[in-house]
1. Name the residue, out of VAL25, VAL312, VAL183, whose mean-square fluctuation peaks in a Gaussian network model built on the chain with Cα pairs under 10 Å.
2. Summing +1 for each Lys or Arg and -1 for each Asp or Glu, what net charge is found among the other residues whose Cβ lies under 11 Å from the Cβ of GLU263?
3. Given charges of +1 on the Cβ of Lys and Arg and -1 on the Cβ of Asp and Glu, with all other atoms neutral, how large is the dipole of the range 30-169 about its Cα centre, in debye to the nearest 20?
4. Starting from the range 300-374, pick out the trypsin sites (Lys or Arg not before Pro) whose DSSP state is loop and whose Cβ has at most 11 other Cβ atoms within 10 Å.
5. Can you show me the helix-derived [θ] at 222 nm for the chain, built from DSSP H runs with n ≥ 4 at -39,500 (n - 2.57) apiece and divided by the number of residues, rounded to the nearest 500.
6. Once you keep just the Cα pairs under 8 angstrom separated by 6 or more residues, what percentage relative contact order results for the range 17-152?
7. Rounded if a/c is under 1.5, else prolate if a/b is larger than b/c, else oblate: which is the range 179-319, with a ≥ b ≥ c the root eigenvalues of its Cα gyration tensor?
8. Please report the net charge: other residues with Cβ closer than 13 Å to the Cβ of LYS315, K and R +1, D and E -1.
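The values are calculated or read from the model by the stated rules, or taken from the named source; none is laboratory data. The model shown is predicted, which means the values in this text are computed figures rather than measured ones. Cβ atoms come from the backbone with ideal geometry, glycine included; neighbour counts cover every protein chain shown. Ligands, DNA and RNA are stripped out before the accessible areas are found, and what is left, the full protein with its side chains, is counted by its heavy atoms. Shrake-Rupley method; radii C 1.70, N 1.55, O 1.52, S 1.80 Å.
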Amino acid sequence: MKVLVVGGGGREHAIILKLKESPRVDKIYCAPGNAGISEDAECVNIKATDIDALMKFAKDEKIDFTVVGMDDPLVMGIVDKFEENGLKIFGPRKNAAIIEGSKAFSKELMKKYNIPTASYETFDNYNDAYLYIKESKFPIVIKADGLALGKGVLICGSLEDAEKGLKQIMVDKKFGESGDKVVIEEFLTGPEVSVLSFCDGTTVVPMVSAQDHKRAFDGDRGLNTGGMGTFSPSRIYTKEISDICMEKIFKPTVSALKKEGREFKGIIYFGLMITKDGPKVIEYNARFGDPETQVILPRLDFDLFDIFEACVDGKLDKLDIKWKDNAAACVILASGGYPESYEKGFTINGLDKCAKMDNIYIYHAGTAFKDCKFVTNGGRVLGVTGVGKNLDEAIKMAYKGVEFINFKNAHFRRDIGIKKV
């Protein structure tokens, strides 16, 4: 099988490394990929959003199967285009990917089908939204309706914060057209858990749980980022909570989408908050999470390609997917200044030493080649994942790997997965 993976970050690197384990996969391409991915797949210089060019490449190279890692091409309708041209592809169609593409749509879906979530209001007019926040109790959450690289969610502790955030989104257009509409919702409290699930339109099979750290600095301080680290399994996601989520959230979501004529095949990422009133949905994503994928896939004890194919063919219920009885933790090495301004082009040292260590995986996110060396080429540069028999061991392995790697202005959190007392 010749497989094309669309995307170029740590998530795609993790998918590629897992697909390489499949005896059915002979050749892997990645568009656009990155320097690290090029050691595990043939990178193709096509943007993930250039659907026509990707389709031409898939036809010319006789690609058997395409896997979409990123949100943008899914929301743009890459799956519809590929299917219309007889190409097999893993991911939801455009009308199903809207659960991530529009937060307003996903909130309305949850409300209609009684799926537990925070109470909310939606606005497409700045003045109306402004009047609403003036009467609100704080803290509140303001969300840009569309895609915003994981940074379009603002937690506002005061009216001043809310005014500033609302202006950034709706007036200054910090996130472009994604801020034409906003969702303003109540602030929920409780630990967050990520549960990614395989879906074939009817059947939903949750993966092992994970928890991520979105804030830039230790102690969950600083700006929201795309994710500074993650660990699996969650310490608080019990069998009891899992059963509640399955009956009240996971199955109802897939069923609701099908009833709405939006059959979902691919990955649904359920961003959950475990509140005093039970688990509630914070957000949906329509693809693998990043960096959650970097701790979930190392724990998968099953052929990933077989799962992808079963999802596309509507045969997920025929598989008995297995997971390893272990744990994993991922620490993101980022450029200093991320998620705001940062410099690129710094030499990355120590990767060769780290690669020789057992139970440590290095996933490239923002890297490039310069003078035959890896250099930094993005905000999030590398994901260092450690695997162990339990979380404490996995965390220790991840930070052991981090010790070997350095580049100018490198920034990482030192409390990923650390149990809070």
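1. Highest fluctuation of the listed residues: VAL25.
2. Details: positive: ARG93, LYS258, LYS259, ARG262, LYS265; negative: ASP200, GLU260.
It works out to a net charge of +3.
3. Numbers: 18 positive and 23 negative charges, 88 e Å.
For this selection, approximately 420 debye.
4. Details: sites: LYS315, LYS318, LYS322, LYS324, LYS344, LYS353, LYS356, LYS370, LYS373; in loops: LYS315, LYS322, LYS324, LYS344, LYS356.
Within the range 300-374, the qualifying trypsin sites (Lys or Arg not before Pro) (loop, at most 11 other Cβ atoms within 10 Å) are LYS322, LYS356.
5. Numbers: 14 runs with 117 residues, N = 421.
Roughly -7500 deg cm²/dmol at 222 nm, from the helical runs in the chain.
6. 15
7. Numbers: a/c = 1.63, a/b = 1.35, b/c = 1.20.
Note, shape of the range 179-319 comes out prolate.
8. Working: positive: LYS265, LYS318; negative: ASP200, ASP306, GLU309, ASP313, ASP317, ASP320.
That works out to -4.
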